[in-house]
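Notes follow once the structure below has been shown.
Values in this text are rule-based calculations from the coordinates and carry no lab data. Predicted model only: the values in this text are computed from it and were never measured. Note: ideal-geometry Cβ built from the backbone for every residue, glycine included; neighbour counts use all protein chains shown.
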């Protein structure tokens, strides 16, 4: 068997498509493997260059491949699409990844280490909890008047009213209304408790590493944003200068120039939201 120099992998939930090149531009191997078969095929190979599309699952696979001595590069999908041919399917995507990865002009996406994905997920979990809080308050605003209770404004007053009015007028309410209001109050209390725990965890994390301490000296940058920024840009050496880092995060206007006319539009949503 020829030595594979480049292997492109198109990942999916279960079926993985592989395209291997022994020579640049010459596809020599095409395979479809299930998730449990991927490491059995990749591990014994003489170390090739493995190309992956930059997505959430690619971080874990890149770490596993590097444990066996393979070099792994992750390309953004925007850099892989121009290398595709004809209509898109999984086999052609794997071949396009193998073709795009060795090109020196295509920038790679750095792989996150073991603790970085969890750190990146903490602000997102907190944001989801913050989104559930108004939904519960709106549900209380609709349920309390239907049960004959008052309708206070604001989240804190609504949660307080659920507990106090439910205890004061418990005998006047039917059993089903008591159960519904009690469930609403328990959900609000559990949400506040979890939100406070996440806030304490973020505050504790943001006081430990020196990078977070330096970020927190900037005006308007609290523990949540400092933690999210360090989690997103753990290896700043992947960027040559600050402008490239800002472009990676999507903090620069999007240029659209043609026919010698320079036109700059608003900040795009291409980066990390």
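Couple of notes before you dig in:
- Sorting the segments 216-224, 187-195 by their mean number of nearby beta carbons within 10 angstrom, highest to lowest, gives 187-195, 216-224.
- Relative to one another, the C-alpha centroids of the range 90-125 and the range 35-66 are positioned 11 Å apart.
- 7, 80, 137, 252 arranged by Cβ crowding within 10 Å, fewest neighbours leading: 252, 137, 80, 7
- FRET efficiency for residue 68 and residue 139, using Cβ-Cβ distance with R0 set to 45 Å, rounded to 0.05: 0.30
- Rounded FRET efficiency, nearest 0.05, which uses the C-beta distance separating residue 129 from residue 178 and R0 of 25 Å: 0.40
- Stretchable slack from residue 189 to residue 236, in nm (0.36 nm times residue separation minus alpha-carbon distance): 12.9 nm
- Ordering of 59-71, 92-104, 235-247 by burial proxy (mean other Cβ atoms within 10 Å per residue, highest first): 92-104, 59-71, 235-247
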